[in-house]
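The values are calculated or read from the model by the stated rules, or taken from the named source; none is laboratory data. Remember, it's a predicted structure, so these values are computed and weren't measured experimentally. Note that each Cβ is placed from the backbone with ideal geometry, even for glycine, and that neighbours are counted across all protein chains shown. For the accessible areas, the whole protein counts, side chains as well, though only heavy atoms, and no ligand, DNA or RNA atoms are used. Shrake-Rupley method; radii C 1.70, N 1.55, O 1.52, S 1.80 Å.
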Amino acid sequence: MTTIQKILLDLNVKELNAGTSTGSINFGEGKTIDSYSPVDGKLIGRVTATTKDDYEKVLGSALKAFKSFRIIPAPQRGELVRQFGDKLRELKQPLGELVSYEMGKSLQEGLGEVQEMIDICNFAVGLSRQLHGLTMHSERPGHRMYEQYHPLGIVGIISAFNFPVAVWAWNTSLAWICGDVCIWKPSEKTPLCGIACQNIIASVLKENKMPEGISCLINGDLNVGELMTSDSRIPLISATGSTRMGKIVAQTVAGRLGKSLLELGGNNAIIVTPDADIKMTVIGAVFGACGTAGQRCTSTRRLIIHESIYDKVINAVVAAYKQLRIGNPLDENNHVGPVIDTDAVKMYLSALDKVVAEGGNILVEGGVLQGEGYESGCYVKPAIAEADNSFVIVQHETFAPILYLLKYTGGVENALDLQNGVAQGLSSAIMTNNLREAEHFLSVQGSDCGISNVNIGTSGAEIGGAFGGEKDTGGGRESGSDAWKIYMRRQTNTINYTTELPLSQGIKFDL
Ligand code: UN1
């Protein structure tokens, strides 16, 4: 039995065509999407892409499902999410393996991604009893005023290959308890992850005799995504991906006055001050730059180091890079797996050429690994280059394990000028034991990012906080805190329980 056959068997996935819910409806006319594993280069599945006609059928089933789903009490919707979380617990191992095998991240990280799904389900279940609005005093006697939140309808989710399952769950688990139904277009680079997830939720819906349109899956490239972004029957589009993609989505959705939740590129830095703990800095920086082969939107791209400890820090980081084992991500002995495909390898190589052309100094050589175990051509060496913040390539997010080293002099405000001196604003970190520096970093004059950490790296945010960033990162917030509000519409209700009809603002209108 091949690796993929075993994983799909463990996940009970029998059919690879995407439909509304079960993943077993074969509309048949669409183009096919081939999924190649970056782990061994094998073709691991062929999935039918959604045609315009298929899309209309999917949309019809979602609209129909919304009518019944919206009237189910929120805590009962929470019960469905609880059961979904339980199924994920049962299937954590094979789903983590599928993520690792189809996308290339280490098995540990694949399992961690499924854990994020389980955690957000827990969060959503509790939230299903807490969807609250405010009650306020009316200016008119005998009147009551309050606000309540209603579901929006269909939530369209466009997700990226790097978190092929968790980002969907962040969105769906909240959207479902809010009473919305979801249509998901996963990345065409990880279609099997989409089908496996759809299979899991479909079994929960079936067991509960719920309409399948509550969770819909469509597959395809940007043209299929465009069907959703331009469709005014979908009030909210939640999109994760590049800033370039996000700008197109934002303009299309805004053009029809829809809502969008955007989680786009990052260019995340760790500031290392003279008071930093070097051991913690090394762990944070190396995991941040090399985890998921540098393909997290929260990956550490820049280390901004104070000149007084520059040599000490770079020696420690370079020594740690020598310990990294690159290879099959399903083998727990390896730290770093492949990048997603050979196009990503090309972008990585081109970024390394560019940093040298702009005057950078390579400290840890990059390169593509060849030979046994590396046949897919997607395994690259994590590289380090001394660079300048003004380099065009340093300003750009390259989804690969390349870390740029920048030196700062003087106070932490100089480091912050560099950190904030990029277009993106997702995640940021400072390594320091100095309270003044830490508080300055978190203050209004400090980091301009959506996520700002002290003595923690830039990646690995917990689901309980609102996740997202500013500037070119798109401004959206997903996951924890009060991110649920974007999935609902707010209604202000005023009730008059008198026999008079006084007008607000003291207006007299006697007849
Ligand atoms: C992403 O890369 O799109 O904070 C999401 C992290 C993960 C999520 C990353 N919890 O690194």
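When all alpha-carbon pairs of the chain are counted, what percent fall beyond 32 Å?
That tail contains 45 percent of the Cα-Cα pairs.
Over the range 42-110, with a single point scatterer placed on each C-alpha, what log10 of the ratio I(q)/I(0) does the Debye formula yield at q = 0.20 1/Å?
Values returned for q = 0.20 Å⁻¹ are -0.96.
Suppose each label sits 7 Å from its Cα in the direction of the beta carbon; what would the VAL368-ASP34 distance come out to in nanometres?
Taking the two extended label points, one gets 1.7 nm.
Given charges of +1 on the Cβ of Lys and Arg and -1 on the Cβ of Asp and Glu, with all other atoms neutral, how large is the dipole of the range 178-315 about its Cα centre, in debye to the nearest 20?
180 debye
Using the heavy atoms of the protein chains and a 1.4 angstrom probe, tell me the accessible area per residue for the range 268-467 in square angstrom.
Accessible area per residue, the range 268-467: 41 Å².
Would you mind computing Rg(Cα) / (2.2 N^0.38 Å) for the range 268-467, counting N as its residues?
Working it through for the range 268-467, the quotient is 0.98.
Using the alpha-carbon atoms, what tilt in degrees (0 to 90, nearest 10) does helix 278-290 show relative to the longest principal axis of the chain?
With rounding to tens, the tilt is 70 degrees.
I'd like the distance between the alpha-carbon centres of the range 188-227 and the range 422-500, rounded to an integer number of Å.
29 Å
Name the long-range amide H neighbours of ILE44: under 5 Å, sequence gap of 5 or more, or other chain; modelled H, no Pro or chain starts.
SER35, TYR36, SER37
Measure nothing fancy, just the Cα-based angle from helix 52-69's long axis to the longest principal axis of the chain, in degrees from 0 to 90, nearest 10.
In the chain, helix 52-69 runs at an angle near 60 degrees to the longest axis.
R0 = 45 Å: FRET efficiency of SER138 with LYS209, Cβ-based, nearest 0.05?
Given R0 = 45 Å and the Cβ-Cβ separation, E is 0.60.
Hey, got the dipole for the chain? About the Cα centre, +1 on K and R Cβ, -1 on D and E Cβ, debye to the nearest 20?
I would put it at about 1360 debye.
How large, in percent, is the carbon and sulfur part of the accessible surface of the range 372-427 at a probe radius of 1.4 Å?
Result for the range 372-427: 48 percent of the exposed heavy-atom area is carbon or sulfur.
Which distance in Å, rounded to a whole number, links the C-alpha centroids of the range 110-126 and the range 274-301?
Distance between centres, Cα-based: 23 Å.
How much of the DSSP bridge set in the range 268-467 is antiparallel, in percent, rounded to the nearest 5?
15 percent
Can you compute the modelled spin-label distance between VAL318 and LYS346, with each label point 7 Å from Cα toward Cβ, in nm?
3.3 nm
Among DSSP beta bridges whose residues both lie in the chain, state the antiparallel percentage, nearest 5.
Taking every DSSP beta bridge within the chain, about 40 percent pair in antiparallel fashion.
Along the three principal axes, how long is the range 201-286 when you take its alpha carbons, biggest first, rounded to the nearest angstrom?
57, 39, 22
At a Förster distance of 25 Å, what's the computed FRET efficiency of GLN395 paired with LEU257, Cβ-Cβ distance as r, to 0.05?
In this case the efficiency is close to 0.15.
Determine Rg/Rh for the range 79-204; Rg is computed over alpha-carbon atoms and Rh is the Kirkwood hydrodynamic estimate from the same atoms.
Ratio value, two decimals: 1.13.
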